[in-house]
């Protein structure tokens, strides 16, 4: 099967070599006895740092299986929760060689486990050897916490801590813990969704102590000897410290920790050998050694999968073998990464790649993380011009200022190594001669049939290739009648709508959504070979757009469910056509009594996937979404669609703004 190359190197500049750090002679002063160093090109490289490697999971777990990364005897331990009428729990112990062996407690395999729905299950144990299973179930339409404790290897008892059976005054919900742990003496501690912390005694599980209003992070609750460890957050959900409570008198010690990103849900905590605190977040892995007050970052997140936006952290273990383990979840299942110290690699990568991007994207982070796995000695630096919030507020003038600043750097030879071209005038950059030809990289991949030639051919400039898409998303026009297969461009669509005036082709749509849907199809046609907009073609395409818009019926705002009509679900009974992206299909049809009957189709099988790949191989109509051009188009067509301006007048207004951008 052909594979799509997810291109990190969207554009490679004439600065073909990676940047190298400047010489720092003072590094010699930092060497300790036994440190090794090598003298490279004008720098000394201290050896040794943690590197990332992927481990093989005990089985190929599907999406229907939930995994929990725990720790037993100081080493990673996996629990797999699967469902087949009732819950099935399987334990896997990691052996010294990294392989796995099943180790499932008998009572968790018992057919006597409750036959009810399980949500967010977790297994934990106390230092007396008692094991616990905590999960959420649904009772009378509300989530309710359930806690089971082993009595021996084969039997268990149900525990009902004080207050868990209590329903809110309005009867809408139970008091539900987010996390539960056991202390070394068998007493229970629960952290609730509200951030409140409650201690329960070991005999009757009645409330011993409540700590209210502290706002503790839901992901951080750990026990060590007679202490409880929690993550303290501020009002903006930033982690600001670790609180340690002594359960003898509930006194507290706070260890400050300043997170520089919002949201604590991807922050995890563990204790190493009951002495060393460890935190894992997107910045990396950080440790606070016993008797110290300064956190040290031992794993740089930028050099690992922690910054990969398509992954989310599920579990974290600081193991007794001096390694660290992180369980990630993603759309295809799970990945388990091991972080081990390698004394032969450079402590700091000796080379750098500097990447320029207007706005951060998950695709970019994914590509960078994959690149790092095979190039651990190259550090990737991101120059992200605007945050998501700044980007949404920025008008074209602000973006143009950034483009001019970038041009100045490029022409002076001080620009980045790689540029992500979103919102940038590609043709202008090529014309200025600041981009390099990537043919020597791309052509061998084409020869090996690793890339779709029908896609790549759209990015050739003569015999040169200056840039590639990081990804492409096929869009399919679905229709109720066979004549829809003749529609291949906007002209065909306009003709089709003119010949089917008695039908509802698409549902009503606002001008904003109309332009987002159809305008990208004209951008490739209106820009000519010299990178300027062709006035005659622009006038023609505007007239076609208006024909389509008038046929649909553009509205100022949606009423009722009008917003949701343009969906493939409605093809069978409301609309004639639907533009969809390949994400799987479902079809809604009407029963004879007028009620809805929805049929869902499973994921594509192997033969269907091969057919889809063949369809991909025939795609030739390239559509480029240029945010800056789209902003200009949407800003100028309003009066045109209302009949206040002609296509010619509108085209003049668009060209005046767009050609300035394209010439930058």
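Summed over the range 379-399, residues that are surrounded by 16 or more Cβ atoms within 10 Å (Cβ to Cβ) and under 15 Å from residue 630 (Cα atoms) total 4. Of all residues in the range 461-497, those being modelled with pLDDT of 85 or more and part of a helix (DSSP H, G or I) number 8.
Could we say that residue 266 is under 17 Å from the mean Cα position of the chain (by Cα) and surrounded by fewer than 19 Cβ atoms within 10 Å (Cβ to Cβ) here? For residue 266, the condition - under 17 Å from the mean Cα position of the chain (by Cα) and surrounded by fewer than 19 Cβ atoms within 10 Å (Cβ to Cβ) - is met. Identify, please: which residue in the range 88-103 is surrounded by 16 or more Cβ atoms within 10 Å (Cβ to Cβ) and touching a residue at least 40 places away in the same chain (Cβ under 8 Å) and is, among those, farthest from residue 337 (Cα to Cα)? Here the residue is 89.
Only a single criterion out of (1) farther than 28 Å from residue 314 by Cβ; (2) in a loop (DSSP other than H, G, I, E, B); (3) at pLDDT 90 or above is not satisfied by residue 163, namely (3). So which of 64, 86 is more than 25 Å from residue 188 (Cα to Cα) and within 28 Å of the chain's Cα centre (by Cα)? It is 64.
Evaluate the range 275-289: report whether one residue or more is on the phi > 0 side of the Ramachandran plot, within 25 Å of the chain's Cα centre (by Cα) and not in a strand (DSSP E or B).
no
Matching residues to (1) in contact with a helix residue (DSSP H, G or I) (Cβ under 6 Å, 6 or more places away or on another chain); (2) at pLDDT 85 or above; (3) in the same structural domain as residue 459 (by TED's automatic domain parsing):
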| residue | (1), (2), (3) |
| --- | --- |
| 551 | yes, yes, no |
| 565 | no, no, no |
| 601 | no, no, no |
| 609 | no, no, no |
| 625 | yes, no, no |
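One residue alone among 97, 111 is assigned to a loop (DSSP other than H, G, I, E, B) and under 23 Å from residue 321 (Cα atoms), and that residue is 97. Please determine, by comparing only the residues of the range 400-421 that are assigned to a loop (DSSP other than H, G, I, E, B) and surrounded by 17 or more Cβ atoms within 10 Å (Cβ to Cβ), which one is nearest to the chain's Cα centre (by Cα). Only one residue fits best here, namely 420.
Scanning the range 462-494 for residues that are closer than 30 Å to residue 417 by Cα and surrounded by fewer than 16 Cβ atoms within 10 Å (Cβ to Cβ) yields 462, 463, 464, 471, 472, 473, 474.
Applying the selection to the range 302-345, what residues are assigned to a helix (DSSP H, G or I) and closer than 20 Å to residue 46 by Cβ?
If the condition is that a residue be assigned to a helix (DSSP H, G or I) and closer than 20 Å to residue 46 by Cβ, then 302, 303 are the ones that fit.
Could you say whether any residue in the range 174-197 is surrounded by 13 or more Cβ atoms within 10 Å (Cβ to Cβ), over 25 Å from residue 224 (Cα atoms) and at pLDDT below 90? Scanning the range 174-197, I find at least one residue that is surrounded by 13 or more Cβ atoms within 10 Å (Cβ to Cβ), over 25 Å from residue 224 (Cα atoms) and at pLDDT below 90, so the answer is yes.
Taking the listed residues 286, 312, the one that is over 23 Å from residue 96 (Cβ atoms), surrounded by fewer than 14 Cβ atoms within 10 Å (Cβ to Cβ), touching a strand residue (DSSP E or B) at 6+ places or on another chain (Cβ under 8 Å) and touching a residue at least 24 places away in the same chain (Cβ under 8 Å) is 312, with no other qualifying. Please indicate, with yes or no, whether at least one residue in the range 335-358 is more than 28 Å from residue 272 (Cβ to Cβ), exposed (fewer than 14 other Cβ atoms within 10 Å of the Cβ) and in contact (Cβ under 8 Å) with a residue 40 or more places away in the chain. No, the conditions are met nowhere in the range 335-358.
Within this structure, residue 76 fails the test of being outside any strand (DSSP E or B), modelled with pLDDT of 90 or more and not assigned by TED's automatic domain parsing to the domain that holds residue 459. Determine, yes or no, whether residue 276 is under 29 Å from residue 125 (Cβ atoms), surrounded by fewer than 18 Cβ atoms within 10 Å (Cβ to Cβ) and free of Cβ contacts under 8 Å to residues at least 40 places away in the same chain. Judged against the criteria, residue 276 is not a match.
Could you check the range 532-561 and list, in sequence order, the residues that are part of a loop (DSSP other than H, G, I, E, B) and surrounded by fewer than 16 Cβ atoms within 10 Å (Cβ to Cβ)? Residues satisfying the conditions are 553, 556, 557, 558, 559, 560, 561.
Of the residues making up the range 198-215, those that are exposed (fewer than 13 other Cβ atoms within 10 Å of the Cβ) and in a loop (DSSP other than H, G, I, E, B) number 5.
The numbered conditions (1) buried (at least 17 other Cβ atoms within 10 Å of the Cβ); (2) in contact (Cβ under 8 Å) with a residue 40 or more places away in the chain; (3) farther than 28 Å from residue 367 by Cα are all true for residue 307 except (3). Exactly one residue among 529, 516 is surrounded by 14 or more Cβ atoms within 10 Å (Cβ to Cβ) and either in a helix (DSSP H, G or I) or free of Cβ contacts under 8 Å to residues at least 60 places away in the same chain (or both), and that residue is 516.
The values are calculated or read from the model by the stated rules, or taken from the named source; none is laboratory data. What you are looking at is a predicted structure, and each value in this text was computed from that prediction instead of being measured. FYI the Cβ positions are ideal-geometry reconstructions off the backbone, even for glycines, and counts take in every protein chain you see.
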